[in-house]
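Encoded as structure tokens, the structure appears first; notes follow it.
The values are calculated or read from the model by the stated rules, or taken from the named source; none is laboratory data. Bear in mind the structure is a predicted one, so any value in this text is a computation, not a measurement. Note that each Cβ is placed from the backbone with ideal geometry, even for glycine, and that neighbours are counted across all protein chains shown. In case anyone asks, the SASA skips ligands and DNA or RNA and just uses the protein heavy atoms, side chains included. Shrake-Rupley method; radii C 1.70, N 1.55, O 1.52, S 1.80 Å.
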Amino acid sequence: MKLSTRGEYASRAMLELTARYGQGPVPIKIISLAQAIPPQFLEQILLSLRRAGYVKSKKGPHGGYFLSKPPDTITVAEVIRVMDGPLAPINCVSVIEHEPCPLEENCGLRSVWKEVRDMVARHLEQTTFAEVLDRQMAINQKKSAEREGK
């Protein structure tokens, strides 16, 4: 799996919406500035996430985007698959986009790539955006405590 810029930006946008969950629609400009994502690119990403059912939008002066469901129910794997497709490093081990290989039945490398796919998928499927926000907050608290201690 190679995370594209779209996948990275989508993850960051989802994290920003997680941090603001329950506060109403968040304008694209706010998400863009907070996460250093070009606004035009962010519009395309949010449209994809809306089509996939992860975000909703509201038009108008107080409009913007918001999560369509609680962040503790949205996994990182789901968002990455929407933006980048399968999590498999090569297609012969992909569950979603499997492409047969003539060497696949006797290939030792295939078993290694399958193990990598399984580990990555398991980890990303078990990690919700609420958990990512908790990690970010813990990092920020630690840095804040270190600055105060100096």
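Rounded to two decimals, what ratio of Rg to Rh does the stretch 29-101 give with C-alpha atoms and a Kirkwood Rh?
On the way: Rg = 15.3 Å, Rh = 14.2 Å.
When Rh is taken as the Kirkwood radius, the ratio is 1.08.
Note on Lys2: lysines with a C-alpha under 16 Å away, same-chain residues under 8 apart excluded, are Lys114.
Reducing the stretch 6-42 and the stretch 52-90 to their Cα centroids gives an inter-centroid distance of 11 Å. The modelled label-to-label distance between Glu97 and Glu146, using points 7 Å beyond Cα along the C-beta direction, is 3.8 nm.
Sorting the segments 4-11, 101-108 by their residues' average number of neighbouring beta-carbon atoms within 10 angstrom, most packed first, yields 4-11, 101-108.
Between 0 and 90 degrees, the angle of helix 5-19 with respect to the longest Cα principal axis of the chain falls at about 40 degrees.
Potential lengthening of the chain between Gln136 and Glu115 amounts to 4.7 nm, from the contour at 0.36 nm per residue minus the alpha-carbon distance.
Rolling a 1.4 Å sphere over the protein heavy atoms, what is the accessible area per residue of the chain, to the nearest Å²? Display every interim value, and only then the final one.
Working: 9330 Å² over 150 residues.
Per residue, the chain has 62 Å² of solvent-accessible surface.
In the chain, the longest principal axis of the Cα atoms and the axis of helix 129-149 are about 60 degrees apart. Protection proxy ranking of 134-140, 28-34, by the mean of other Cβ atoms within 10 Å over each peptide's residues and highest first, is 28-34, 134-140.
The accessible surface of the chain, taken with every protein chain in place and a 1.4 Å probe, is 54 percent carbon and sulfur.
If you average the sequence gap of Cα pairs under 8 Å that are 6 or more apart and divide by the length of the stretch 33-150, what percent do you get for the contact order? Display every interim value, and only then the final one.
Numbers: 95 pairs, mean separation 25.8, N = 118.
Relative contact order comes out at 22 percent.
Taking 19 Å as the straight-line reach from the Cα of Lys58, the aspartates and glutamates in range (excluding those fewer than 8 positions away in the same chain) are Glu16, Glu43. Values [x] 0.96; [y] 1.07; [z] 1.09 are given for comparison; Rg/Rh (Cα atoms, Kirkwood Rh), derived from the coordinates here, is the one labelled [y].
Farthest towards the positive end of the charge dipole of the chain, among the residues Thr18, Ser32, Gly63, is the Cα of Gly63, using unit charges on the Cβ of Lys, Arg, Asp and Glu.
Between the helical axis of 108-126 and the longest alpha-carbon principal axis of the chain there is an angle of about 20 degrees. Placing unit charges on the Cβ atoms only, positive for Lys and Arg and negative for Asp and Glu, gives the chain a dipole magnitude near 740 debye about its Cα centre.
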